[in-house]
Structure formats: structure tokens, C-alpha cells
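Colleague: One structure coming up, written as C-alpha cells, with questions to follow.
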Amino acid sequence: FIFLSGAMTGLTHEEQVGWRDDLKDEFSYKYHFFDPTQYDPQKDDDDYQKKAEEFDLSAIINSEYIVVNLKNIEKSVGTCQEVMFAWLLNKKILGFFPKEEDVKDLHYWINSKITIHFYSIEALKTYLLLKYYL
């Protein structure tokens with residue numbers, strides 16, 4: 001299982017789900033995915049957010065990998081918490097920037113938790129393809 005982590009707050013629907021759908025479409029025959037966008041990110045009431053948090057934490061516990069879109073991570077409290085939680089569980093954290101022009105320095109506390117860094121989604125896809133066959 002792979003948990004798909006990345007910023008959602010303040011982003012368009014396409015920015016939230018586009019890369020996730022891309023990975024799911026390309027690799028659904030190889031991997032199972034947990035996608036937190038299954039919950040409507042626009043709902044802010046506490047009960048709803050509690051259920052979304054429980055889903056995310058349970059999904060991370062049950063995943064082998066956490067794939068993290070690093071673009072906008074500094075603006076996403078939830079993504080930072082998911083990364084820390086996965087790191088505490090010794091999960092493999094695959095961080096990627098969607099495109100090379102998105103690459104920037106990350107805060108040490110984020111950067112040090114990433115198991116492998118990829119500088120494009122295509123590099124991540126190559127890794128997932130090869131990893132499946134190894």
C-alpha cells in the first residue's frame with residue numbers, strides 16, 4: 001500500500017487530485033493506494049476533520065510507503081504531520097517535486113525525514129516501476 005500525501009488546503013481541486021489520480025491510473029495494477037482526497041477537504045467541522053485524521057493515520061500505519069508531493073509542503077500542517085508520523089513508524093517516505101522547476105530547499109525538519117528525494121514525478125514513477133520488479 002502507498003499513502004499519497006501532499007498539500008490540499010488552498011489548492012484547486014486539480015492541484016489536489018491531479019498528481020494522485022495520475023499515479024493511481026498508472027500504477028493501479030501494481031500497487032494499492034490510500035488517497036486522502038477521498039474526503040471533501042472543504043469541510044472544516046471538527047467531527048469531519050477527526051474522521052479524516054483517523055483515516056489518514058490508519059492508512060499510514062497500513063502502508064509500506066508514503067509518497068509526498070513536496071510542492072507547498074511548508075504551507076500544509078497536515079502533510080508535515082503525516083510525514084512525521086510515517087517517519088516515527090519507520091515507513092519509507094518518497095518525496096518528490098512535480099517538476100524540476102518546483103525544486104527548492106526544504107526546512108531541515110522536513111528534509112531529514114524523507115527517505116528518497118525525487119526531482120520530478122517522472123523520476124518517482126521510474127522508481128515505483130523498478131521497485132515493483134525488484
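Colleague: Can you find, among LEU89, THR37, ASN72, the residue sitting farthest towards the positive end of the charge dipole of the chain, where Lys and Arg contribute +1 and Asp and Glu -1 at Cβ?
Modeller: It is LEU89.
Colleague: Tell me, which longest segment in the chain has none of the chymotrypsin sites (Phe, Trp or Tyr not before Pro) that fall in DSSP loops with at most 14 further Cβ atoms within 10 Å? Could you put the intermediate results ahead of the total?
Modeller: Working: sites that count: PHE1, TYR29.
No qualifying site falls inside 30-134, the longest such stretch.
Colleague: Using a ≥ b ≥ c from the Cα gyration tensor of segment 1-77 (square roots of the eigenvalues), is it rounded, prolate or oblate, where a/c under 1.5 gives rounded and otherwise the larger of a/b and b/c decides, a/b for prolate?
Modeller: Working: a/c = 1.72, a/b = 1.25, b/c = 1.37.
Oblate.
Colleague: Per the Cauchy relation, a quarter of the hull surface: what is the mean projected area of the convex hull of the alpha carbons in the chain, in nm²? Let's see the in-between values first.
Modeller: On the way: hull surface 31.0 nm².
Over every viewing direction, the Cα hull of the chain projects on average to 7.7 nm².
Colleague: Given charges of +1 on the Cβ of Lys and Arg and -1 on the Cβ of Asp and Glu, with all other atoms neutral, how large is the dipole of the chain about its Cα centre, in debye to the nearest 20? If you can, show how the numbers build up before the last one.
Modeller: Numbers: 15 positive and 23 negative charges, 123 e Å.
My answer is approximately 600 debye.
Colleague: Okay, moving on. With runs of 4+ DSSP H residues as the only contributors, calculate the mean residue ellipticity of the chain at 222 nm using -39,500 (n - 2.57) per run, divided by the residue total and rounded to the nearest 500. It would help to have the intermediate numbers written out before the result.
Modeller: Numbers: 5 runs with 60 residues, N = 134.
Theoretical 222 nm ellipticity from helices: -14000 deg cm²/dmol.
Colleague: Total Lys pairs in segment 5-134 closer than 13 Å by alpha-carbon, pairs eight or more apart in sequence or interchain only?
Modeller: Number of lysine pairs found: 10.
Colleague: Measuring from label point to label point, each 7 Å out along Cα→Cβ, what is the GLU64 to GLU26 span in nm?
Modeller: My value for the distance between the label points is 1.8 nm.
Colleague: Ok, one more. Dipole magnitude of segment 22-91 about its Cα centre, charges +1 at Lys/Arg Cβ and -1 at Asp/Glu Cβ only, in debye to the nearest 20? The partial results should precede the final answer.
Modeller: Details: 8 positive and 15 negative charges, 56 e Å.
Dipole of segment 22-91, to the nearest 20 debye: 280 debye.
Quick note: the coordinates plus some simple rules give every number you see, no bench work behind them. This is a predicted model, so every value here is computed, not measured. Please note: Cβ atoms are built from the backbone with ideal geometry, for glycine as well, and neighbour counts cover all protein chains shown.
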